[in-house]
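The values are calculated or read from the model by the stated rules, or taken from the named source; none is laboratory data. Owing to the predicted nature of the structure, the values given are computational and were not obtained by experimental measurement. Cβ: placed from backbone, ideal geometry, glycine included. Neighbour counts: every protein chain shown.
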Amino acid sequence: MAYQFDFIPVLQNADLLLRGALFTLELTAIGTLLGVSVGIVGAIVRAWKIQPFSALFGVYVELIRNTPFLVQLFFIFFGLPSLGLQISEWQAAVLAMVINLGAYSTEIIRAGVQAIPRGQLEASAALAMTRLETFRYVVLVPALGKVWPALSSQIIIVMLGSAVCSQIATEELSFAANFIQSRNFRAFETYIITTLIYLFMALMIRQLLGWIGRRYIARNS
């Protein structure tokens, strides 16, 4: 018998999908701000070989980049409470995203920092620029300009990877989709719409990051 599509039961729960999508965007925004901040610190420490922090960041990067995000999430949510640190689903999801993006962005930004010609650093010293001015204008902004497309792609990957946070009952988009299909048994229709929402969010974030890159990064690099 031919399958009969019926999107009405899914659309009747559009408010749940919208709430889940907004929650996903919130997780992504916080995870991006904090994760990229960790990546900037890690990139500078590793590129300039500031010990002992360079070695510590090296271990951190290799550990995170070579283990699944789901395992990292479970370790934070189920492992930390056994050490006496109680955290909520939302806190665990944010922490996992920050730690994951921080490791990947460390290596991405480090590549940009190492691509800065040493002559530019010597020129900034000759111009009597302070360390902060040198870091901001000669190192950080040009480095971000070189790696912004790769960093933007990694942010989107982390956003899409946030779907596994539903495994700890974080009420993001995939959690909402799972809840809806468990009630109406229209899994095919539910996940078609969910896929389109994820696609829309990914494209929207890519456009936003592209605008930020053109407006604030490329212009000043």
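Miscellaneous remarks
- Of all the listed residues (L173, L208, L160), the sole one being of a type outside the set (G, A, S) and free of Cβ contacts under 8 Å to residues at least 12 places away in the same chain is L208.
- S153 being closer than 19 Å to W90 by Cβ and either without any contact (Cβ under 8 Å) to a residue 12 or more places away in the chain or out of contact with any Leu (no Cβ under 8 Å at 6 or more places or on another chain) (or both): no
- Test for L73: is it under 16 Å from the mean Cα position of the chain (by Cα), part of a helix (DSSP H, G or I) and either closer than 25 Å to V158 by Cβ or of a type in the set (D, E, K, R) (or both): yes
- Test for I99: is it over 12 Å from the mean Cα position of the chain (by Cα) and either in a loop (DSSP other than H, G, I, E, B) or under 27 Å from I212 (Cα atoms) (or both): no
- For region 162-171, the count of residues that are loosely packed, with under 13 Cβ neighbours inside 10 Å and part of a helix (DSSP H, G or I) is zero.
- Some residue of region 3-10 being farther than 21 Å from R183 by Cα and out of contact with any strand residue (DSSP E or B) (no Cβ under 8 Å at 6 or more places or on another chain): no
- Which numbered condition G20 fails, given (1) out of contact with any Asp or Glu (no Cβ under 8 Å at 6 or more places or on another chain); (2) modelled with pLDDT of 95 or more; (3) under 25 Å from Y198 (Cα atoms): (1)
- Selection from region 1-43 of residues that are more than 11 Å from the chain's Cα centre (by Cα), of a type in the set (A, V, I, L, M), exposed (fewer than 14 other Cβ atoms within 10 Å of the Cβ) and part of a helix (DSSP H, G or I): I8, L11, A14, L18, L22
- Residue match in region 1-9 (condition: hydrophobic (A, V, I, L, M, F, W, C), out of contact with any Gly (no Cβ under 6 Å at 6 or more places or on another chain), under 23 Å from I168 (Cα atoms) and touching a residue at least 12 places away in the same chain (Cβ under 8 Å)): no
- The one condition in (1) crowded, with 20+ Cβ neighbours inside 10 Å; (2) outside any helix (DSSP H, G or I) that R46 fails to fulfil: (2)
- The set of residues in region 26-76 that are charged (D, E, K, R) and in contact with a Lys or Arg (Cβ under 6 Å, 6 or more places away or on another chain) contains only R46.
- Candidate set: region 76-96, residues that are in a loop (DSSP other than H, G, I, E, B) and of a type outside the set (S, T, Y); chosen: the one modelled with the highest pLDDT: I87
- Region 172-194, residues that are hydrophobic (A, V, I, L, M, F, W, C), within 30 Å of A2 (Cβ to Cβ) and part of a helix (DSSP H, G or I): L173, A176, A177, F179, I180, A187, F188, I192, I193
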